[in-house]
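Below: the structure, in structure tokens.
None of the figures in this text is laboratory data; all of them are computed from the coordinates on show. Values in this document were obtained by computation on a predicted structure and should not be read as measured data. Cβ: placed from backbone, ideal geometry, glycine included. Neighbour counts: every protein chain shown.
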Amino acid sequence: MDHSQTSCTREEMLEKKLAVLRGILESEEVYLRELDALLTPMKALRASAGTSQPVLSSQQVQTVFYQVPELRDVHQSFFSGLKARLNAHSQAEEMSSAQEMVMCSNYKLEVGDLFLKMVNSLGLYGGFIENYEKAVEVVRKCTQSNSRFRTLAESMYINGADKVRTTYTLEALLYKPLDRVTKTTLVLRDLLKTTPVEHKDHAALQEALRLSQSFLSGVNESSQSKREVKLTHGMRRQLMRDGFVVDESEGVRSLRHLFLYTDLLLCTRFKHAGRGKQDQYRFSWYLPLAGLRLRWVTDHERPPDTTVRLQTLRTKMFLLRQQLHQNVKGTRGLTWTARSRKKLEQMELLLLTHSPVYRLDLHSPSGKSHTLFFSSLYILEEWRDSIHKLTAENIETIPPDLLTLTSACVKLRMTQQPHLHCSEAEDETSLCGTVSVAIHSASGLQEPACVYVCVEVNGYGFYDQQAQTHSSVRSLNPHWDQELSFQVDGAQKMMVLCVSQSNGQDDTVLGKTTVQLESKSLSSRWRRQTLQLGQVEVTLSLKYCPHQLEAPGSPVQQPPVFCVPIEKVAQQEGVLVPHLVRCCVEEVERRGMDEVGIYRISGTATDISSLKAAFNSNLREAVTRLRSAEVNAVSGVLKLYFRELPEPLIPTDLFQSLAKTLGSPSPSNFLTSLSTVPGTP
């Protein structure tokens, strides 16, 4: 390429480029006539498919003309853009009399963006090529069995520019796009040879040629295994898992389709096509699995305005679903129903994008990092486990052909669409009401650990779908006896995870399981059961109370706990010891026993006030904050709670006798004296 550019002047190169562009324009015009001829019978065949004597069935029509209208639109747009630029250039040439002005006009002609846009649509050819054999098979089969179709398929006409009519068969016209896609690379190579390196078009045309060559090499890829992509080294890259996740970049969240291959993670932008069109994927980023480090955390902290927007969104979804439910008989008409369902899907997509709190950070040895969010810890752990299994193996890093890999996503994918609950049919067995889960204890731990249990329910996301117990003290047999309640609408299953908490390290999921929720197996009375979560057994109780649900407006404020008699708090929480006391004590025992003066040195006043406000309004949020709060703030809020009790923890009339008992030097005298103190067991 460099030799050809140095062998002629820049002016000669630009003249040759102009000649190449005019040749491309003429070729595009011919190709458009061929596509128009191919599409000519499509409308009539579609109309015939709805009659009692169809020439082809609707499915056969779709197979024969698959992606052809879309290809025609792409090339029509390219042809119109190129023609407009060349016409504008011709007008500029006519107005420029001097040779220098003409050369300047040639240099100003820019078309690289048009070619790059056209090449970026080559994915459509991927769908056409994959479907080509099926289309030809339908044409050949119907040509033999249907005389009406045979007459049509063997006498297709193209009117040339000179008004001469040329006859083609339908099968011959179907081959035109295959022929065209191979010529695209050759045309771009010729065009690049005639474009000076310093010209603005050069970089765009170089990229277009690279993409075209990559696509062309992917066309020849073997499709023997649907979930494999052939590599240049003779190996095969296999798809292990795929699904929709939330990708966060510079504080902006986007729904993405993530593909896990045997040696890399590929993140793509998914574009859902309309009826009769093929879905498309655009490359977003990729990370090799070799040396990939993963870290997950729960990110409950949200800006107040985001929390308000999500709550408003949930309320709107709830009310719209109620309207759809009341319109079962279709009194408002099919158009209203279709629009409302579409609107509900869009709102659920927004909720799916902005509500997830489980964050997975990915760090590669090259320094590249990406952040993903998951709406479910259960799903995050499945992804993390799948990645760990692959990174544990000896992975050979092979630089991927990103265009080929991204284009192959359509045929390799196992997940077609984001999972939307509103798109599913109503199931009478799903739960609607309140599901309560009492987490009692766990056993089977290999070593003492601080453990908590996370519970998730599925269904419409109108209400909170995750909750977790407080973290236990370090133990082989942790106990909680903590109740978690869920407002559910459309729930069918519950996910339970047992998680070990470590100081300064990632939490570790010890085991997980799924429980089917069926109204016939649940009742309004507690039913105790033991679940096997890997090597860990978790004992819990379940009960279900069906009832009409209220719109999820502002979160219901729980009764305050500060400045309230301790027996009243314990009663309203249904426990012997208030959650605040138990959670704070266990948190201090978990990570504050080595602190000097843990109950003497106070924490920051703002941190203590923040924890107090959380315990007074939202126990779940308070328990989450405790885990990341400075440990002296944890002991500080516990001291504040006791200090603000309306009555002292040790009543005044018992204080003197208890103090005297505590001062007894003999253990036996101490126990005897303690039993005489009123109110002690």
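Contact order normalised by length for the stretch 460-592, with contacts defined as Cα pairs under 8 Å and 6 or more residues apart; what percent is it? Provide the component values of the computation, followed by the final result.
Numbers: 138 pairs, mean separation 27.3, N = 133.
In percent, rounded to a whole number, it is 21.
If you average the C-alpha positions of the stretch 280-312 and of the stretch 44-71 separately, how far apart do those two centres end up, in angstrom?
43 Å
Show me the trypsin sites (Lys or Arg not before Pro) within the stretch 558-644 that DSSP assigns to loop and that have at most 10 other Cβ atoms within 10 Å of their Cβ. Let's see the in-between values first.
Numbers: sites: K568, R582, R590, R591, R600, K612, R620, R625, R627, K639, R643; in loops: R600.
Of the trypsin sites (Lys or Arg not before Pro), the ones in loops of the stretch 558-644 whose Cβ has at most 10 other Cβ atoms within 10 Å are R600.
List the aspartates and glutamates whose Cα lies under 17 Å from the Cα of K16, skipping any in the same chain that are fewer than 8 positions away.
D2, E26, E93, E100, E110, D190, E198, D201
What angle, in degrees between 0 and 90 and rounded to the nearest 10, separates the Cα long axis of helix 377-391 from the longest principal axis of the Cα atoms of the chain?
Compared with the principal axis, the helix lies near 60 degrees.
Please work out how many pairs of lysine residues in the stretch 394-552 are eight or more positions apart (or on different chains) and have Cα atoms closer than 26 angstrom. Mind dumping the intermediate values first?
On the way: K493/K512; K493/K520; K493/K543; K512/K520; K512/K543; K520/K543.
Taking the stretch 394-552 as the scope, the lysine pair count is 6.
Sort out for me the Cα centre separation of the stretch 399-475 from the stretch 583-615, rounded to whole Å.
For the stretch 399-475 versus the stretch 583-615, the Cα centre distance is 31 Å.
For the Cα atoms of the chain, what angle does the longest principal axis make with the long axis of helix 99-108, in degrees from 0 to 90, nearest 10?
40 degrees
If the cut-off is a Cα-Cα distance under 25 Å, which lysines reach K612, setting aside same-chain residues fewer than 8 apart in sequence?
Partners within reach: K568, K639.
Which value at 222 nm does the chain reach when only helices count, each DSSP H run of 4 or more adding -39,500 (n - 2.57), with the total divided by all residues and rounded to the nearest 500 deg cm²/dmol?
Working: 24 runs with 316 residues, N = 681.
Only helices count here, giving -15000 deg cm²/dmol.
Over 29 Å between C-alpha atoms is what I'm after, so list which of K17/K271; K43/K141; K117/K343; K17/K117; K141/K176 land there.
Numbers: K17/K271 35 Å; K43/K141 20 Å; K117/K343 31 Å; K17/K117 19 Å; K141/K176 20 Å.
As for pairs spanning more than 29 Å Cα to Cα, those are K17/K271; K117/K343.
What residue among H257, T268, L349 has its Cα farthest toward the positive end of the dipole of the stretch 249-369, where the charges are +1 on Lys, Arg and -1 on Asp, Glu, each on the Cβ?
Value computed over the given set: L349.
Treating the chain as a set of equal point scatterers at the Cα positions, no solvent, please give the Debye-formula log₁₀ I(q)/I(0) at q = 0.07, 0.08 Å⁻¹.
Debye intensities relative to I(0), on a log10 scale: -0.69, -0.83.
In degrees between 0 and 90, to the nearest 10, how far off the longest principal axis of the chain does helix 667-676 point, with axes built from Cα atoms?
Value to nearest ten degrees: 90.
Quick one: dipole size for the chain, taken about the Cα centre, charges +1 on Lys/Arg Cβ and -1 on Asp/Glu Cβ, in debye to the nearest 20. Provide the component values of the computation, followed by the final result.
Values: 78 positive and 75 negative charges, 358 e Å.
That gives the chain a dipole magnitude of about 1720 debye.
Identify, among Y463, S441, T404, the residue whose Cα sits farthest towards the positive end of the charge dipole of the stretch 399-478, taking +1 on the Cβ of Lys and Arg and -1 on the Cβ of Asp and Glu, with the dipole about the Cα centre.
T404
Relative contact order for the chain using alpha-carbon pairs under 8 Å, separation at least 6, rounded to a whole percent? Don't jump to the answer; show the numbers that get you there.
On the way: 1015 pairs, mean separation 58.9, N = 681.
Answer for the chain is 9 percent.
How high is the relative contact order of the stretch 327-379, in percent, with contacts defined as C-alpha pairs under 8 Å that are six or more residues apart?
Values: 33 pairs, mean separation 13.6, N = 53.
Normalised by residue count, the contact order of the stretch 327-379 is 26 percent.
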